[in-house]
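Colleague: Quick one: the structure is below, and I'll ask about it shortly.
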Protein chains: 2
Amino acid sequence: MKKENFIVLKEENILSIANEKLLKHGCDFRNAFEIAKTITAAEMDGCPAHGLFRLPGFISSLKSGKVNGESNPKVVQIAPVVNRIEGDRGFAPLALNVSYKPLIECAKKNGLAAAVIVDIHHFSALWHEVEYLALKGLVGFAFTVAKPVVAPSGAKEPFFGTNPMAFSWPRIKGNPVVFDQASAAMARGEIMIAAQEGSNLPQGVGIDKNGNPSKDPKKVLDGCQLTFGGYKGSSIAMMIELLSAGLIGESFSFERGEKDNNDGGPTRGGELIIAINPNLFGDENNWHEHSELFFTKLMKLEGIRIPGDRRIKNRENSKINGVKVSHSIFEKVNQL
Amino acid sequence: MKKENFIVLKEENILSIANEKLLKHGCDFRNAFEIAKTITAAEMDGCPAHGLFRLPGFISSLKSGKVNGESNPKVVQIAPVVNRIEGDRGFAPLALNVSYKPLIECAKKNGLAAAVIVDIHHFSALWHEVEYLALKGLVGFAFTVAKPVVAPSGAKEPFFGTNPMAFSWPRIKGNPVVFDQASAAMARGEIMIAAQEGSNLPQGVGIDKNGNPSKDPKKVLDGCQLTFGGYKGSSIAMMIELLSAGLIGESFSFERGEKDNNDGGPTRGGELIIAINPNLFGDENNWHEHSELFFTKLMKLEGIRIPGDRRIKNRENSKINGVKVSHSIFEKVNQL
C-alpha cells in the first residue's frame, strides 16, 4: 500500500461506518452490529482483506435479497454434544454469536462439543470464533468452504473453495495462540487486493485459465488457485469440504458455486466448530504450564513467530495509532 | 527398489515372521499379535517404511527395556465423552485395540468422543486407527508427535516431530477415504529408506546440519527435516504438538527427544483420537449419498486421486500377488 493512498481511521470510526452502511441497506440492529464488529476486528488486526474491503460484498447480497439482513438464528440440540444453529439465511456473525453459549457450556461439561452452523453466509475470517473460544479457556477448531476457486492437487480446474481451517489454544497469561489458514496457498482476499494494487503473486499460488502457472493476480482470479503444500494441502481442503458440508448437510464448494447468484457477496453454506475443554483431558493441573514451556522453547529458536502474534501486535498498534485504510476502499465504502 | 533386491512374501508369512520375532524378544501374545498385524497391514498397503523395516526398532526397545512387551492397557473414563487409555509403557497397537470399543460406543451415542492414549510407544502409521473407525461408520482423526527432527517454519533446528495427522471418512459402498500425512514434507521412514537405497530426495524436504538445503537423505537425517507447505504446515505441526502432548499431559517432541534412550525404537508419548458420528450431525438420511456425489464429481477431474485409494489398490494386489520385501530388510529381520 503506497503511503499517499490511505487514510487513518480509529476503531470506533470503522465500527460506526460499517454499522451505518449495513443498517442503511437492510440489516437489523443485531446483525449490523455483529458484522460491523467482525469487519472492525479484521481491520484492527491488520487483515484488510477481511475488513471494509468486504463491506460492498455484504451490501450486494442484502440488495440482491440473497441474504436475510434480519435473520434470527435458532439453536437446536441435536445430540448430547452437538448443537445445530439454524442461520435463517443470514450472515455468519450473528449465528456465531448465538452458537457460543451452548457450545461453550457443552464443551466445558463434556470435554468435547460441536456447533453445526447451517444456512449462513460466511464472509469473514474464522479466527474470530476460535479466538473467542480460547478466551473462554477452550481449544477451538473451525472449518468452512466457499465457492470453487481452487484446484485439487493434480487437477487444473477449480473444485475446492479456499477452505480455511482455524485453530486456537488458550493461555492463562497473554493472548491465545490462533491460526486461521486457507488451504489455498493464498487467501482469495489477498489475491483480490494484489489485483487492485497491481502487485505480483508469489510462485505456486495459482494457474491461469489454460492451466499454466501465473504470478498475475488477475489471471489467477480468472483461472484457478492452488492448494498450499501440494497434495497434503489438497487432502486438508478435502477434509474441510467433508466436515463443513458432507457431515452437516450443507453445500460443498461445487454446490455453493452452482447455487450462488454471483452478486459479489458470500455463498450460502455451513460451518463446523469443535471445542475442547483441556481441563477434562487428563492433565487439569498442569496443561497450562506445560504448554507454556513448549512455547518458551519454541520462541527461543531463531526466526520463529507464534501464529497469531502478528495480528495481536497489529491490534495493539491499531488501538494507539488507528488503522490505515486504503483510500480507494474507503471511497467505495462511503459511496455505499 | 531394484528388481533383484526383493523377495515376495505372503500376508501370513509377514504376520508370522513379525509375530515370532516379537514373541522371541519379550512380547506377550496379545502385544505381539497386535504389532504383527500393524506391520503386516503396512506391507500389504505398499508402505514398507512402516512395515518389517520397523521390526528391528521394535525389538531394540524390547531389548533395552524401554518398552514393556507385556503391557496391559487400561481404559478410564475421565469425562462424559473422553476416555483415557493408560498404555502401561507398551507399544501402541494393543492400547489402540483396547481404546476402540469405548471410543466407538461413546461417539455413536453422543456425536463426538475422544480417546486420550498415554504412556505408549507409537512406531506405526496412524491410518490403521482412523480406517478402523471409518469401517465402524465414524469420521476419525488421529494425532501424534515423535522425536524432534523437523524445523518449525523460519528456524533451522529440529523442534517438531514428523507429527502425522490422519483423517478418515466412512463410506457405505467401498473403502473409507483415509489420509495419514506427516506435517514434515516427507515421512522420516521414507528418508531412511532413500538413505539405504542411495536415492536423492526432492527439493524442500530438508536441510543439512549447517542449515543449507540438501537432497542427500543422509545429510538431511543428520540435519533437519522441513514442514510441508512452509508456515502453514508448520502451524499444523504445532497444532499436533498441542493436541497430542499439551492437551493430554504427555510429552512434546522436544521432551520425547530428551527422555529417549536412543535405542532405535519409538519414544514414549501419547496420541489423541477423535471420533465423530455423522448420523448425529443433522443429515442422518442423506450424508452418505451427498458425500458420494462429492467424490463422484471430484473423481471426474483429470489428474485426481482420492487419498487412500493407492493403499487400497496395493492391498488388493498384495492379497493376490504377495508383497515385495527388500532383501536387505528381510535379512535384517531374519537375523533378529
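Rule-based calculations on the coordinates, nothing more; no lab input. Only a predicted model underlies this, so the values are computations on that prediction, with no experimental measurement involved. Virtual Cβ from ideal backbone geometry, glycine too; neighbours counted across all protein chains shown.
Colleague: With respect to the symmetry axis carrying chain A onto chain B, which residue of chain A exhibits the smallest Cβ distance to that axis, and what is the value in whole Å?
Modeller: A:G229, 1
Colleague: OK, next. How charged is the neighbourhood of A:F123? Take every other residue with its Cβ under 13 Å from the Cβ of A:F123, and add Lys/Arg as +1 and Asp/Glu as -1.
Modeller: For residues surrounding A:F123, the net value is +2.
Colleague: What FRET efficiency comes out for the pair B:N72/B:L23, r = Cβ-Cβ distance, R0 = 25 Å, nearest 0.05? Mind dumping the intermediate values first?
Modeller: Working: r = 17 Å, r/R0 = 0.66.
It comes out at approximately 0.90.
Colleague: For the ranges B:36-43, B:14-21, what's the packing order if you count other beta-carbon atoms within 10 Å of each residue, average per peptide, and put the highest first? Don't skip to the end; give the middle numbers.
Modeller: Details: B:36-43: 24.2, B:14-21: 20.5.
Listed from highest to lowest mean packing, they are B:36-43, B:14-21.
Colleague: Label points 7 Å out from Cα along the Cβ direction at B:E11 and A:N210: separation in nm?
Modeller: 5.0
Colleague: Pick from A:N286, A:N262, A:N200: which residue has the top mean-square fluctuation in a GNM of chain A where Cα pairs under 10 Å get a spring?
Modeller: Highest fluctuation of the listed residues: A:N286.
Colleague: Tell me, what is the percent relative contact order of chain B, built from C-alpha pairs under 8 Å that lie six or more residues apart?
Modeller: 22
Colleague: Let me ask you something else. If you count, for every residue in A:303-309, the Cβ atoms of partner chains within 10 Å of its Cβ, what is the mean?
Modeller: Average neighbour count from other chains, rounded to a whole number: 5.
Colleague: If you don't mind, another one. Take B:R54, B:R256 and order them by how many other Cβ atoms sit within 10 Å, fewest up front.
Modeller: Final ranking by Cβ density, sparse to dense: B:R256, B:R54.
Colleague: Provide the FRET efficiency to the nearest 0.05 for the B:K101-A:K109 pair, computing r from the beta carbons and using R0 = 25 Å.
Modeller: According to the calculation, E is roughly 0.60.
Colleague: Something else about it: Taking a point 7 Å out from Cα toward Cβ as the label site, list the nm distances between A:N13 and the same residue in every other copy, smallest first.
Modeller: Distances between equivalent label points, in nm: 7.7.
Colleague: With springs connecting C-alpha atoms under 10 Å apart, model chain B as a Gaussian network and identify which of B:Q225, B:Q203, B:Q181 has the largest mean-square fluctuation.
Modeller: Between B:Q225, B:Q203, B:Q181, it is B:Q203 that shows the largest mean-square fluctuation.
Colleague: Provide B:H288, A:H122 in ascending order of the number of other Cβ atoms located within 10 Å of each residue's Cβ, fewest first.
Modeller: B:H288, A:H122
Colleague: How many nanometers, to one decimal and shortest first, lie between the label point of A:P213 and those of its other copies, if labels sit 7 Å from Cα toward Cβ?
Modeller: 1.1
Colleague: Run through the other copies and list how far each one's label point is from that of A:K313, in nm with one decimal, shortest first; the point sits 7 Å from Cα along Cα-Cβ.
Modeller: Taking the point 7 Å beyond Cα along Cα→Cβ, the inter-copy spacings are 4.7 nm.
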